4 protein chains.
Amino acid sequence: MSAPRQLPPRVGVWLIGARGSVATTVVAGCAALTAGLRPPTGLVTETPAFADSRLPALSSLVFGGHDTLDCPLPKRAEQLAAGGVLPPGLPAAVEAELDAAEREIRPGGPLPGETRDEEQLIAAFATDMRDFVRRNGLARAVVVNVASTEPAPTGPSLPASSLYAAAALRAGCPYVNFTPSTGLHHPDLATLAVSSGLPYAGRDGKTGQTLLRSVLGPMFAQRALAVRAWSGTNLLGGGDGAALADPAAAAAKNAGKERVLADTLGTVPEGQVHIDDVPALGDWKSAWDHIAFDGFLGTRMILQTIWQGCDSALAAPLVLDLARLLARAHERGLSGPRPELAFFFKDPVGDAPASLAEQYAELESFARRLSAEDGR
Amino acid sequence: MSAPRQLPPRVGVWLIGARGSVATTVVAGCAALTAGLRPPTGLVTETPAFADSRLPALSSLVFGGHDTLDCPLPKRAEQLAAGGVLPPGLPAAVEAELDAAEREIRPGGPLPGETRDEEQLIAAFATDMRDFVRRNGLARAVVVNVASTEPAPTGPSLPASSLYAAAALRAGCPYVNFTPSTGLHHPDLATLAVSSGLPYAGRDGKTGQTLLRSVLGPMFAQRALAVRAWSGTNLLGGGDGAALADPAAAAAKNAGKERVLADTLGTVPEGQVHIDDVPALGDWKSAWDHIAFDGFLGTRMILQTIWQGCDSALAAPLVLDLARLLARAHERGLSGPRPELAFFFKDPVGDAPASLAEQYAELESFARRLSAEDGR
Amino acid sequence: MSAPRQLPPRVGVWLIGARGSVATTVVAGCAALTAGLRPPTGLVTETPAFADSRLPALSSLVFGGHDTLDCPLPKRAEQLAAGGVLPPGLPAAVEAELDAAEREIRPGGPLPGETRDEEQLIAAFATDMRDFVRRNGLARAVVVNVASTEPAPTGPSLPASSLYAAAALRAGCPYVNFTPSTGLHHPDLATLAVSSGLPYAGRDGKTGQTLLRSVLGPMFAQRALAVRAWSGTNLLGGGDGAALADPAAAAAKNAGKERVLADTLGTVPEGQVHIDDVPALGDWKSAWDHIAFDGFLGTRMILQTIWQGCDSALAAPLVLDLARLLARAHERGLSGPRPELAFFFKDPVGDAPASLAEQYAELESFARRLSAEDGR
Amino acid sequence: MSAPRQLPPRVGVWLIGARGSVATTVVAGCAALTAGLRPPTGLVTETPAFADSRLPALSSLVFGGHDTLDCPLPKRAEQLAAGGVLPPGLPAAVEAELDAAEREIRPGGPLPGETRDEEQLIAAFATDMRDFVRRNGLARAVVVNVASTEPAPTGPSLPASSLYAAAALRAGCPYVNFTPSTGLHHPDLATLAVSSGLPYAGRDGKTGQTLLRSVLGPMFAQRALAVRAWSGTNLLGGGDGAALADPAAAAAKNAGKERVLADTLGTVPEGQVHIDDVPALGDWKSAWDHIAFDGFLGTRMILQTIWQGCDSALAAPLVLDLARLLARAHERGLSGPRPELAFFFKDPVGDAPASLAEQYAELESFARRLSAEDGR
């Protein structure tokens, strides 16, 4: 009598903002890829460099999360398909997976008129995460914040994103902050982050203008061209446009964009960055960059770039990448900030290079490290 | 009694196309930098990475060259200043150096009605180069082709660029082909190139659209984004616009542009490259690139870039960089193709990576190698 | 006893290329508007200026046509919806109307291995058109060519577009050539066009780059700014991209684009126009224009425009506009070339101004003329 | 004995901000044109439409003005030539005319620590203007405000621009406000403007982005395309960039830009306008516009424009145009607001159309009216 075939362990992805467009695209997209309906375009971890990294298979991922909204995932997916973010027909084709994830979504907080204090909220969120792991028999779960950007915190209280981050630590879950919100970057969480023994990644996914800047900045520096002014305007529809039109919310995001320039150019050029809310663009964004630089003998030259993309489609595969990488890092026993994941972030953690090429080299090296058999 | 102070050896730069706008900018610019009139913007070899590479000082460079035109350098410089390529006032400030270089220019060939055969032309050119070295007491001279792009050769005879390249080998001069012309890339010269024991660099300087492609291509590949079509249009004034409007002349240049995409993306996307002659632009060029790519789940996105630069100002510092690097390589006893200089070329020699970041890493490593004291 | 309510007469629209993307969008769009599913965006004849022009109602239009392909309209509509050209769900919502039009499509020609001569083809096509009018009890039908652009004719024989145009005249149908193909612009058809007593419009719909040129050209002229070079590149997917990548087919289209500049600027500036076939763009096009102009004292300035549109969506409402306007002109007894419709065309017929503003003024005046009660 | 030949009367142009880059370009440019050194590019009044309008000849114009700075005009012109705004060599060629204008510049105000009250300042300015006319034996003088944009006034006191405007009225000078500052648009000046019997033009010259909007807006409206969002970013160097980076100063300018859209589109689309101070651009500006519009059936399309110009070179010829037109209007006895000059302004006076084409038609008609012999 043969032994029962051992199924690979299943891994959870707990999404903060689980009914938003990024989360919906993550769930629908993972299902579409698993079913072979679409090629894995945009998924870095499906490239050959990661073939031996022992990452959890896409088919082993189980989704759940918190949200304060209540539009069900299948309906949200239909809306995204109508807006051209998801292919027409896809929501119907993966309805079962959307329903399954929908059942794993729990109410977030704080809600309007919230009576629970910070500690109670953290405890509730952590319980939701632990229940998710237990209920689904998961080896582990990674918590990923994909909620709308929150305004920069002003008072001493923890912002919502930090409550969820604290809950992740308490529940023993590796943590990724894909937004510019505070998350784990709060002084009150610093000690906890260290003592948790959990791996965590950077902040604010690099999906468009900053991605470009992280390859163009080094180009100018290597060619000794003097960048005089780097100006940019981002037009965003969707919820993020509205959130970031608030200067307080945009501050963290813009800081990340400028950091890339300062780090790669060695100086901070003139120029501002604008983020405009343009609801007419739906889930699409247009970003214009205007770079005035001096060449030989001070000759003035200009490079302009126009990036037109769909934010959810740019973010979703990176969320899957990060969840897989952190899950495997956790399995390997790695803990603390993971600067090897700087490739994905405007604001990496730890000591990381600013040029995309160097970040990619570190990611490749990390991929090889993850392939090792043993736990260290 | 102290020994007389030893002056550093002087090094020649022999320019094919010595009265063109690139050559004029090279000579005027080197003088301006030496005199401290301008900072060394655009000069890679003046960045800290090359501080210990024992490159010949800019002040030690002596210029001469061949040309078939006879507009004197000082007059050419005035024209460039009127067109905004050189700063107003610069030609007057460096008139002595322009005059000195003018005196070292010899007639090129073949001229209309030429009666000398190939061997006679090569011999005459090589004599000019050797005389230049001897007359000026130079340690060595590097030959750099900055002439207008010539049509792709059709018959068995050597094109002009190859005659000059053969002369360089015969005169014992390291050779750089900054244009898409044939130069040393002719089968008849292959054996000679090897046996000469001289170092030589790639072909066709990377000054604009291809420079951008060499950082954007890797970005798309690393992010697993599927580039569907990469289309481009270059508008060029100046002599190069007219030369490259000829499809035969443009063929080599376009091949270089496409090679970068194929090598960095791993596939050849759809799309064409146009090079238009637009005399109204003078020495300026505008290059538009339109990149249609697929993101997650096949979502269609677009990146566009517009590069507006002055060709001479982009090329001139790289010419100085290459002359210095090859002169030092020659001094160090290095010979044959130098793939370490791929950073500068659309069409590098030898086995070189295609991404600018990797090319820069190899260049940095070359800079360290050049710093070694001994001859090997 | 009251008299039976008189239904307005029905008017036919006979589309050459009836299964192409423009025709499909025309049929599906007219049905969507009639059903109130969408607002009449892009339809000039639904603006207040035409309220009294007694145009046939959209609900009175009946569609049919010729095509050499056999993909049924409902299926073609589904393909367009998948490509984002039609809204998802629209094909299903207007399936009845698509089916009705599908039943009115007849095979075009000449087909591969065609045995009929020109006269036989014209006769067959004219019979199809007359049968369409009779079978549906139409007051009249307008023939509109929306087929793929054909290569410029080289021999003495009539190109296909001219066979259909001749058939329209023979069948007594007003004629519109929305493509750059020859159509009625063939010397053999000149006499027939005059003697037919039918109204006909211009050639080659103005849907993107040329539309822009027709407002920007006058702007430069009125401001006395000297346009030095006007360069353009069009990236087209879809069938038209492939057709126009053939230089012979592109010639007529480019001539129209240049005519607009020459007529509005008073001079022909430097610069070329490229039309690239980029299948990856699907039914979308991107057009870049780069305009180098001199300002006061010769200061060099640049305007660039980037137009990203969906060709079928740009063309379809204009096709409906033209069919309605020519039907009403026919009803009013107007005949011959209608320069009042220059607003719609790269290549208007008759004596028409080149600036869009003046063309619009003439169109408004035409709208008022059409409102008159009597037949003259 | 023959009568002495009658010289045409000379006409004054009194510039507020007489040492700024626009004023310097006006003076140097007029001299260059008069001397035949340059063609009259950008000068609308030198086109055939104005040949019979009896405008004062360029050679009859005499320049003077107020300024609070003291950099002499010839030096300012050298700075502009170094920045590429004036052709190299031009300042030297027209030094005499620059000197002559320099001698006619008087100190403006209020200066720091000003002790004069409003009435005293107005009186002083008016005396300067009258003295200018008398000293030079001028038939009349037109006052043109080309000073840096001032912040929107907050209190009850008259801003500087309105003091100058009041002085112009008192001195009997027609008035043009080429800036977004208040000038004559102050309620305290309304009665005076009417009773003065002087002609005056609009506010805020239309030199770039708004010029484009005034032709693109009508295009969208005429084609029934639904503009959803019109977003723009202006990068300005020079003094105006710094002045307009102040949101208070930018408010009036932005209001003008939006008015053009509202008036030509019939609705106010989404979207913001940013004005960034980018000193690295010198006197140049780059303006990006991103227009998201819906086509047929709601298909989303995008037009983008990039305008790269030199502000002084764009403004200067229009200043000459306006001075000549208002001088002639004054000679003809025309008074009050001149909506016929809307072609030149973001914020025209009186009842004027918003589309450039209609504005041009009114200007042409005005040109004909000015040609009449008699005084009415």
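The values are calculated or read from the model by the stated rules, or taken from the named source; none is laboratory data. Here the structure is a predicted model, which is why all the values come from computation and not from measurement. Heads up, the Cβs are rebuilt from the backbone with ideal geometry, glycines too, and the neighbour counts pull from every protein chain shown. Quick note on the areas: whole protein, heavy atoms, side chains included, nothing else; ligands and nucleic acids left out. Shrake-Rupley method; radii C 1.70, N 1.55, O 1.52, S 1.80 Å.
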**Message:** Please compute the contact order of chain C in relative form: average sequence separation of alpha-carbon pairs under 8 Å and at least six residues apart, divided by the residue count, as a percent.
**Reply:** 20 percent
**Request:** Tell me the trypsin sites (Lys or Arg not before Pro) within the stretch D:103-170 that lie in a loop according to DSSP and have at most 16 other beta-carbon atoms within 10 Å.
**Result:** D:R116
**Prompt:** In cubic angstrom, how much convex hull volume per residue do the alpha carbon atoms of chain D span?
**Reply:** 149 Å³
**Heavy-atom SASA rank of D:T34, C:T191, A:T207 (probe 1.4 Å, accessible area, largest first)** = C:T191, D:T34, A:T207
**Prompt:** Relative contact order (percent) for the stretch A:239-304, with alpha-carbon contacts under 8 angstrom and 6 or more residues of separation?
**Reply:** 28 percent
**Prompt:** Can you give the net charge of the other residues whose Cβ lies under 12 Å from the Cβ of A:G65, counting K and R as +1 and D and E as -1?
**Reply:** -1
**Request:** Return the long-range amide H neighbours of D:I275 (sequence gap of 5 or more, or a different chain), with a cut-off of under 5 Å between placed amide H atoms.
**Result:** D:N234
**Asked** Got a number for the accessible area of C:V13? Probe 1.4 Å, square angstrom, nearest 10.
**Response** 0 Å²
**Within-13-Å neighbourhood charge of A:R328 [Cβ basis; K, R +1; D, E -1]** = +2
**Asked** How big, in percent, is the set of alpha carbon pairs in the stretch D:209-310 lying more than 23 Å apart?
**Response** 27 percent
**Asked** Toward the positive end of the charge dipole of chain C, about the Cα centre and with charges on Cβ (Lys, Arg +1; Asp, Glu -1), which of C:G42, C:A262, C:A367 goes farthest?
**Response** C:A367
**Request:** Place a label point 7 angstrom from the Cα of C:T47 along the Cα-to-Cβ direction, then list the residues of the stretch D:208-223 whose backbone nitrogen is under 19 Å away.
**Result:** D:212-223
**Complete:** quick shape note, the stretch C:170-263: Cα extents on principal axes in Å, largest first -> 48, 33, 20
**For the stretch B:303-376, alpha-carbon Rg and Dmax in angstrom** = 14.1, 48
**Request:** Give the calculated FRET efficiency between A:A82 and C:D351 to the nearest 0.05, with a Förster radius of 51 Å applied to their Cβ-Cβ distance.
**Result:** 0.60
**Prompt:** What is the total of Lys pairs in chain A with C-alpha atoms under 23 Å apart, excluding same-chain pairs fewer than 8 positions apart?
**Reply:** 10
**Item:** For residues of D:32-44, the mean tally of beta carbons on other chains within 10 Å
**Value:** 4
**Fill in**
Quick calc: nm separation of the 7 Å Cα→Cβ label points for A:C71 and B:A255 -> 5.5 nm
**Item:** Range in chain A, longest, excluding exposed GluC sites (Glu not before Pro) [loop by DSSP; at most 15 other beta-carbon atoms within 10 Å]
**Value:** A:115-372
**Message:** Rg/Rh for the stretch B:39-166 to two decimals, with Rh computed the Kirkwood way over all alpha-carbon pairs.
**Reply:** 1.00
**Asked** How much accessible area does D:V44 have with a 1.4 Å probe, in Å² rounded to the nearest 10?
**Response** 0 Å²
**Request:** Among C:L73, C:A139, C:L121, flag the residue with its Cα farthest along the positive direction of the charge dipole of chain C, charges on Cβ as +1 for Lys/Arg and -1 for Asp/Glu.
**Result:** C:A139
**Per principal axis, descending, Cα span of the stretch B:1-74 in whole Å** = 50, 31, 22
**As computed over the protein assembly as shown, the Cα convex hull volume per residue (Å³)** = 292 Å³
**Request:** Return the calculated 222 nm mean residue ellipticity for chain B, to the nearest 500 deg cm²/dmol, obtained by summing -39500 (n - 2.57) across DSSP H runs with n ≥ 4 and dividing by the residue count.
**Result:** -12500 deg cm²/dmol
**Prompt:** What is the set of long-range amide H partners of B:F345 at a cut-off below 5 Å, with H atoms built 1.01 Å from backbone N?
**Reply:** B:K206
**Request:** Give, rounded to the nearest 20 debye, the magnitude of the charge dipole that chain B has about its Cα centre when Lys and Arg contribute +1 at Cβ and Asp and Glu contribute -1 at Cβ.
**Result:** 800 debye
**Request:** Could you tell me how many degrees, from 0 to 90 and to the nearest 10, lie between the Cα long axis of helix A:118-135 and the main elongation axis, the longest principal axis, of the Cα atoms of chain A?
**Result:** 60 degrees
**Item:** Heavy-atom accessible surface that A and D bury in contact, both chains counted, 1.4 Å, Å² to 100
**Value:** 2100 Å²
**Message:** How big is the dipole moment of the protein assembly as shown about its Cα centre under a simple scheme where the beta carbon of each Lys and Arg is +1, that of each Asp and Glu is -1, and everything else is neutral? Debye, nearest 20, please.
**Reply:** 0 debye
**Message:** Give the average, rounded to an integer, of partner chain Cβ atoms located within 10 angstrom of each Cβ in B:271-282.
**Reply:** 6
**Request:** Could you grab the relative contact order for the stretch A:110-258? Cα pairs under 8 Å, six or more apart, rounded to a whole percent.
**Result:** 24 percent
**Complete:** Measuring from its Cα centre, the stretch B:209-310 shows a charge dipole (+1 at each Lys and Arg Cβ, -1 at each Asp and Glu Cβ) which, in debye to the nearest 20, is 360 debye
**Asked** Averaged over all directions, how much area does the convex hull of the C-alpha atoms of the stretch C:59-111 cover when projected, in nm²?
**Response** 4.1 nm²
**Asked** Computed FRET efficiency, Cβ-Cβ of D:T127 and D:A248, R0 45 Å: what is it to the nearest 0.05?
**Response** 0.90
